[in-house]
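Below is one structure; the comments refer to it alone.
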Amino acid sequence: MTSTLAAGGYAATTAADGGVLSYAWLMIALPLLGAAVLLLGGKRTNAWGHWLAIAAALSSFVWAVLSLGQLLGRAPEERSVTVHVYQWIKVGTFDIDLSLLIDPLSMTFALLITGVGSLIHIYSVGYMAHDENRRRFFAYLNLFVAAMLVLVLADNYAVLFLGWEGVGLASYLLIGFWQHKPAAAVAAKKAFLINRVGDIGLLVSIMLLFTTFGTVTFHPVFESVDGAGRGLMTAVGLLLLLGACGKSAQLPLQAWLLDAMEGPTPVSALIHAATMVTAGVYLIVRSGPIFEAAPTAQLVVTIVGAATLLAGAIIGCAKDDIKKALAGSTMSQIGYMTLAAGLGPIGYAAAIAHLVTHGFFKAGLFLGAGSVMHAMNDEVDMRRYGGLRTVMPVTFATFGVGYLAIIGVPFLSGWWTKEGIIQAAFDSGGLTGQILGWVTVLGAGLTAFYMSRIMFLTFFGTKRWAKDANPHESPAVMTVPMIILAIGSAALGAVLVVNYTLANFLAPVVGAPAHEFDLVHMLTSPYSLAALVLMIVGVAYAWVRYANDKVPVTAPKGNFITVAAREELYGNAINEGLFMRPGQQLTRATVAFDDHGVDGVVTGIARSVRAASENLRLTQTGFARSYALTMLFGAAVVVVTTLGVNLA
Amino acid sequence: MTIPWLTLAIALPALGSLIVALIPRERVELAKRVTLACTLVVLAIVGAMALNFDPSGDRLQFTEVHPWIARFGVHYAVGVDGIALTLIVLSALLVPLVVLAAWKEQEEAADRGKGYFALILLLEAMMIGVFAAIDVFLFYVLFEAMLIPVYFMIGRYGRGEDRRYAAMKFLLYSLAGGLLMLVSVIGVYAYSAQAGNGTFLWSELAGPEGLLAGVDTGAARWLFLGFFVAFAIKAPMWPVHTWLPTAAGSARPGTAVLLVGVLDKVGTYGMLRYCLELFPGAAKWFVWPVVVLSLVSIIYGAIVAIGQSDMLRLIAYTSVSHFGFITLGIFAMTSQGQSGAALYMVNHGFSTGALFLLAGFLIARNNGSAQIADYGGLQKAAPVLAGTFLVVGLSSLALPGLSPFVSEFLVFVGTFTVLPVPAIIATIGVVLAALYILWLYQRTMTGPLREKLAGVKDLSGRELWAVAPLVAVIILFGVFPQPLLNVINPAVEHTMQQVDVSDPAPAVGVDQASGQEGADE
């Protein structure tokens, strides 16, 4: 399975030779074990279950750090290590090993997942303190971490799919965590279903890859891409994109994400902001060689990214539910990443860098929103907030840092990584590059507006609280993770982007950066200046509209754009009109057809046989006799038919 | 000296059935205990057989051949390959669980007699026999004889007003198929006699050197059809499926477990063992019609399942969809497709078996109602029951990590390599499966708890014992399916040799320069 030759600039992979990396599966096994203990242990584990879950997530994080250390100890071209765990499925030449691929890309994700994951575990101790099912919540969180690690550490598409569906399950369980709420149950099912549509893409791409290459392992597939032809690779690319759209809530499979906010807020932070929803971006970047052999697929990726970037931002501008506004933002930010990933090697590192910083600031923003909701009796309507900055100073400060980071205030994390994407889009050249570039710039302005709207509605202006609201700052177990994420939101971008630290680290997987790091260029390019100007305009406009005492508690009707944005650009209406209602009709018709059509014919035949046999038996009744009669009838048929056969 | 394992496994439950029948009428408790003990001993015997089975050894193992009706070449001949063995293990595992689950059902059933338990044991003997038979006539006899216990299990010991109707419908459907098969069975004998040696021994009939090799094309197709229609009714396949929802809806959940979990597998097993291997040419000729029917079954079964208001009928329709995958895999004629199909039979038994058992537990808690609308919010009162229901439901929609995924995935891969368009169409079933399962879960378990369900108890110890083993194997074989596949694969390889088909080579193959990846293939 190992030591294949490098091709196309992609590092070869070697087998793990002992040490920390050989036990990389522990990263997955520990949280999985945690989940199992909590779920099977039942109520006995109520008292300490959450601490066990945190310990599992943290030890997984520690193992990831140790693995990173060992990886960094190797020469860059040797930083791709396969860890064979066991043979999962083998029939004929279809041979799927449960093997892990430890390389810079997978380790970047592993660190993000276990790091941010651990923080959110800790935060949840406070947030879920009063929930009678807290133990189950932590079990699901651990399950999620394990599944997400399977997804990013897999060395082949089949095992990736295992993780892919695993996180889908965790997402389903956690969106629907409050099962007694019908809305939560419906949202969970909706998320699973829409994701299943995307999964079809991944599933078919796996079949297509196996049929084409006889293997679904990353490295051998990538090395053979050239022989397969552009049409085939375009098909694989588009299928993978379909999968990515489902998981990452990109158009046209975006409709589940806003409803997913029915889940507890830590879930929104971890799964529906920082990690799981970015899996689509991972998939595209990981499958880089396939997309590079399929320019059409790449173009579609960028279009999907650009469209979702704008759609998410527009939705984010109009939602009054703080979590849904943030979810619109998540769609939009992942749109940025998808767009960058579609640009090919010049965009991969930018996409991943933004993914990592977004993981920090968006998780921080969601935890902040959770802290606010915690203080406001689970109120989510921002029109019922206002003036919270004095009551919740820590939440205000940490949310504020995340806010400044996401809108792209220079030198904060979001600025570094968003600039990377803007630059990559324009660098990709041609008219397409110009269009994509200006979309990313325009997006920066929209981001500034909708985020400022959230910020001002929540923390500034007059107090529009409900009568029984008595907001207070959250306990330390919640604020400390928020502070750590805020530090990351402020500084991580510089750490990753200055001198292209992350890009160079990722180079063995995604290719080396196209040019030298140039801060002056970053600051003075007309595009970044344009983005800066639009950002200021966005903030100023939001300030005028929302940071005052004229915000109505009930939303005004708004113009048609506002209405459309509130309706999530009619995504749900389209799904209902196109699939749900016709589906219901089809179901009803098919059931009727089955009951009266198919079964009707059969019972009809039975009835006529019965009528015939009634004539035969006359004086006899009872089922045993009819059985005998049928046998007789059958035997006659047999004799006749056998004669027929023999004559033929 | 060899131990006649299979005969033991067949005779013991048959004997047990007789003993239970002789136990005085009022001592139902004793009858239950004898039944359970008997099924556990059978499980132990079958388990020992499984451990002694050598996957790399002869195709048929534990064979016993004794002349029965010498004049017509009929033998009492039994033996198993990997596929038959796994199905026998499945049967032996499910029966004790059904007995456990039926323990209390019995007290509320229409007929409280111990006869139900005698019938279960009789059925177990026949189920093991039918999978073990390697004589076409013996197979046919058991195939038909199985109808008798099931007829009474539904008609006499079933649920609701319609149970007699359901039992009769089941019987007539099955008999119709059985008669067609009888024609073919006789035909098989006639042609083997024509070839010089009238026999029903499967090993002498099948294969390129077998006695049926010389049957002319047209006749082979007719003979194939005789078997196939019988198996399609048994499986059940669209459009001859309507007996199953009726039967499952009127059967006790325990009966439904055996009916859908094991008996229906006789149909798909028969296709693999008899249709394909006795008539390879005809089987290849019928690939497209069968594939089309499979696709219809997959999608149609799922859609009708979504529209059901009775949970037992819903589960029955999901099986129509699942059986579509099995027949698709069989007729894809690739190793992945057929191993996937064979594994699917086993996994479907675990998964749907557990689903029926849980449905039974639900019904027992709600005054015998199987109407989905009578449920709601149960997770609040019975979290363990709800959680188990969800895990089993997720296995039914083939979630990766649970055993049915492996088989469905293999069927997809195996089908796609030769029939890409049907494979893609079949993926619609994957989406629909999520809908029928999750919607069922949503309607029964989530939302506010219904008032009349307020006092409902969670799973009892007995119930947990009945369903936990299935959940355990579902997870175990989802994560480690290879032990099962190692047993099934050689049998499939044999089948493919007999049918003279082979897997297609990859279109491109991995990079020649890297070499190593391709080297071990």
Worksheet item: By the scheme Lys and Arg +1, Asp and Glu -1, what is the net charge of all other residues having a beta-carbon under 14 Å from that of A:F192?
Response: 0
Response to the item:
With a ≥ b ≥ c from the Cα gyration tensor eigenvalues, square-rooted, and the rule rounded for a/c under 1.5, otherwise prolate when a/b > b/c and oblate otherwise, region A:419-558 is oblate
Worksheet entry | Charge tally in the Cβ shell below 13 Å around B:G429, where Lys, Arg are +1 and Asp, Glu are -1, B:G429 excluded | -1
Worksheet entry | Cα shape, region A:144-218, gyration tensor, a/c 1.5 rule | oblate
Practice prompt. Report the trypsin sites (Lys or Arg not before Pro) located in region A:143-209 that are in a DSSP loop and have at most 11 other Cβ atoms inside 10 Å of their Cβ, or state none.
Written response: none
Discussion item. I'd like the FRET efficiency for A:R588 and B:A37, computed as 1/(1 + (r/R0)^6) with the beta carbon distance as r and R0 of 30 Å, rounded to 0.05.
Written reply: 0.05
Worksheet item: For B:W68, which sequence-distant residues (separation of 5 or more, or a different chain) have an amide H within less than 5 Å of its own amide H, given hydrogens modelled in the peptide plane?
Response: B:V74, B:H75, B:Y76
Worksheet, complete the sentence: Beyond 26 Å (Cα-Cα) in this structure, taken from A:K319/A:K467; B:K32/B:K452; A:K323/A:K467; A:K181/A:K324, we find B:K32/B:K452
Worksheet, complete the sentence: Which residues qualify? For A:S80, with a placed amide H closer than 5 Å and at least 5 residues away or on another chain, they are A:T14
Worksheet item: Quick one: what Rg and Dmax do you get for region B:5-502 from the alpha carbons, in Å?
Response: 21.4, 73
Discussion item. Give me the dipole magnitude in Debye, nearest 20, for chain A about the Cα centre, with unit charges on the beta carbon: positive for Lys and Arg, negative for Asp and Glu.
Written reply: 1780
Worksheet item: What are the semi-axes of the equivalent ellipsoid for region B:219-273, taken as the square roots of 5 times the Cα gyration tensor eigenvalues, largest first, in whole Å?
Response: 24, 12, 6
Item to complete: Measure out, as a whole number of angstrom, how far apart the alpha-carbon centroids of region A:196-236 and region B:435-476 sit.
Response: 39
Response to the item:
Restricting to lysines and to Cα separations under 19 Å from A:K90, and discarding same-chain partners fewer than 8 apart, the set is none
Worksheet item: For the protein assembly as shown, with the dipole built from +1 on Lys and Arg beta-carbon atoms and -1 on Asp and Glu ones, taken about the Cα centre, which of B:G214, A:P552, A:F456 lies farthest toward the positive end?
Response: A:P552
Item to complete: Per residue of region B:230-246, in order, report the coupling 6.51 cos²θ - 1.76 cosθ + 1.60 (Karplus, θ = phi - 60°) as ³J(HN,Hα) in whole Hz, putting x for Gly and Pro.
Response: 4, 6, 5, 5, 5, 4, x, 10, 4, x, 9, 9, 5, 5, 5, x, 5
Worksheet item: Restricting attention to region B:1-81, which GluC sites (Glu not before Pro) occupy a DSSP loop and are surrounded by at most 12 other Cβ atoms within 10 Å?
Response: B:E26
Discussion item. Let me test this: with uniform point scatterers at the alpha carbons of region A:264-327, what is the Debye-based log₁₀ I(q)/I(0) at q = 0.17, 0.21, 0.25, 0.28 1/Å?
Written reply: -0.74, -0.93, -1.07, -1.15
Worksheet entry | Fewest-first ranking of A:F192, A:F579, A:F360, using other Cβ atoms within 10 Å as the exposure measure | A:F579, A:F192, A:F360
Worksheet entry | Sequence-distant lysines (8 or more away, or on other chains) whose Cα lies within less than 20 Å of B:K265 | B:K169, B:K234
Response to the item:
In deg cm²/dmol, rounded to the nearest 500, the helical mean residue ellipticity at 222 nm of chain A, built from -39500 (n - 2.57) for every DSSP H run of length 4 or more, is -23000 deg cm²/dmol
Worksheet item: In region A:419-449, which chymotrypsin sites (Phe, Trp or Tyr not before Pro) fall in coil by DSSP and have 12 or fewer other Cβ atoms within 10 Å?
Response: none
Worksheet entry | Lys, Arg +1 and Asp, Glu -1 on Cβ, resulting dipole of region B:340-471 about Cα centre, debye, nearest 20 | 300
Item to complete: Check the straight Cα-Cα distances from A:K190 and name the aspartates and glutamates below 20 Å, setting aside those fewer than 8 residues away within the same chain.
Response: A:E165, A:D199, A:D259, A:E262, A:D321, A:E567, A:E568, A:E576
Worksheet item: Using a ≥ b ≥ c from the Cα gyration tensor of the protein assembly as shown (square roots of the eigenvalues), is it rounded, prolate or oblate, where a/c under 1.5 gives rounded and otherwise the larger of a/b and b/c decides, a/b for prolate?
Response: prolate
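Since every read-out is calculated from the coordinates, none of them should be taken as a lab result. Just so we're clear, the structure is a prediction, and the values are computed from it rather than from any experiment. For neighbour counting, all protein chains shown are included, and Cβ atoms are generated from backbone atoms with ideal geometry for every residue, glycine included.
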